[in-house]
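Asker: Have a look at this one.
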Amino acid sequence: MAKELINRENPQKLYLQLEGIIKKKIEDKEWAIGSQIPTEEEFCKIYGVSKAPVRAAILELVRQGYLMRQQGKGTFVCKRIISEGLMMHTSFRELMLEAGVSSSTKVLAQTVMMPVDDIDVKLNVPENMHLIYVKRLRLVEDEPVLLQEAYIPHNICPQLLREDIENNSLLGLIEKKYGIKITKIKDYIEVTTPTADEIKLLGLSGCSGALLLEQHFYAGDTQIMYMRSVKRPDRFRFLIELERRAA
């Protein structure tokens, strides 16, 4: 791996450059399926970058199916499933449940915070950037069904801290009131082990798993929101639609 492949005069962000380098090595079969890639520390040393862009690049390639993490062992190249012209669209309502479901919202948090855990990587922001943090519980017939946490860079729309987010959609406020057009949403769905807080809020006692939906919202190339939603596995459904991409 050549350090000079990282071009600091290139306006493209470092993690995107590193993502492209790793992806090319996999697609060119320089790194075989099943082989282990260098550690984060090794990437930092080879390319002269900090851990943040390395983590961001690896996380994105894991999500795209190029890499697979194994706890305690490392990160490995895995076989990628090609979509062959299919593109996923989500019929998106902020509740993200099937049509015809009437719900209510309880706001649990609406404040400013600093990034914790790997939120800075998932939102692709500096570790010292202030974020607006929103935590809401969605209920159907007074029964908790969905727990949502949203993270938005504070500088994008600081007035959001004073908005009524119990009766208004976050996306509606961001797009219609603040004029920020969402151009792309990346959705990742998996089964997760709920935390103690999620078990309590969603009433998951005796349930070993929950559905996790992670969403990355973009305005052009800039990510403007990361949302994490945990849903009871026994109530209602997410609505997802597949369409063939136009030639």
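The values are calculated or read from the model by the stated rules, or taken from the named source; none is laboratory data. These numbers were taken from a predicted model, which means no experiment stands behind them. Please note: Cβ atoms are built from the backbone with ideal geometry, for glycine as well, and neighbour counts cover all protein chains shown. Ligands, DNA and RNA are excluded from the accessible area calculation, which covers all protein heavy atoms including side chains. Shrake-Rupley method; radii C 1.70, N 1.55, O 1.52, S 1.80 Å.
Asker: Roughly speaking, what is the stretch gain from Asp234 to Lys177, that is 0.36 nm per residue apart minus the C-alpha to C-alpha distance, in nm to one decimal? Intermediate values should be presented prior to the final figure.
Answerer: Numbers: separation 57, 0.36 × 57 = 20.52 nm, distance 3.55 nm.
So the extension gain works out to 17.0 nm.
Asker: Return one whole number: the accessible area per residue of segment 138-210 in Å², for a 1.4 Å probe.
Answerer: Computed with neighbouring chains in place, this is 55 Å² per residue.
Asker: Give the residue list of GluC sites (Glu not before Pro) in segment 134-239 that are DSSP loop and have at most 11 other beta-carbon atoms within 10 angstrom.
Answerer: Within segment 134-239, the qualifying GluC sites (Glu not before Pro) (loop, at most 11 other Cβ atoms within 10 Å) are Glu141, Glu166.
Asker: Are there any trypsin sites (Lys or Arg not before Pro) in segment 135-219 that are in a DSSP loop and have at most 15 other Cβ atoms within 10 Å? List them by number.
Answerer: Within segment 135-219, the qualifying trypsin sites (Lys or Arg not before Pro) (loop, at most 15 other Cβ atoms within 10 Å) are Lys181.
Asker: I want to make sure I understand the PRE zone here: with the label point 7 angstrom from the Cα of Ile156 toward its beta carbon, which residues in segment 171-190 have backbone N atoms less than 16 Å away?
Answerer: 171-188
Asker: Across 5 Å bins from the origin, how do the percents of Cα pairs in segment 16-56 run, short distances first?
Answerer: Answer for segment 16-56: a P(r) of 5, 23, 30, 25, 15, 2 percent.
Asker: How much net charge surrounds Tyr218 when only other residues with a Cβ under 11 Å from its Cβ are counted (Lys, Arg +1; Asp, Glu -1)?
Answerer: My count for the surroundings of Tyr218 gives +2.
Asker: Over the residues of segment 137-216, compute the C-alpha Rg and express it relative to 2.2 N^0.38 Å.
Answerer: Normalised by 2.2 N^0.38 Å, the Cα Rg of segment 137-216 equals 1.30.
Asker: Nearest 0.05, what FRET efficiency do Lys186 and Met129 give at R0 = 30 Å with Cβ-Cβ as r?
Answerer: On the way: r = 20 Å, r/R0 = 0.67.
After rounding to 0.05, the efficiency reads 0.90.
Asker: Counting other C-beta atoms within 10 Å, and keeping those with at most 14, which DSSP coil trypsin sites (Lys or Arg not before Pro) do you find in segment 1-68?
Answerer: On the way: sites: Lys3, Arg8, Lys13, Lys23, Lys24, Lys25, Lys29, Lys45, Lys51, Arg55, Arg63; in loops: Arg8, Lys13, Lys29.
Here the trypsin sites (Lys or Arg not before Pro) that fit, given the DSSP loop and packing criteria, are Arg8, Lys13, Lys29.
Asker: Right, here's the next one. Starting at the first residue of segment 19-24, write each ³J(HN,Hα) from the Karplus equation 6.51 cos²θ - 1.76 cosθ + 1.60 with θ = phi - 60°, in whole Hz, x for Gly and Pro.
Answerer: In residue order, the calculated couplings are 4, x, 4, 5, 4, 5 Hz.
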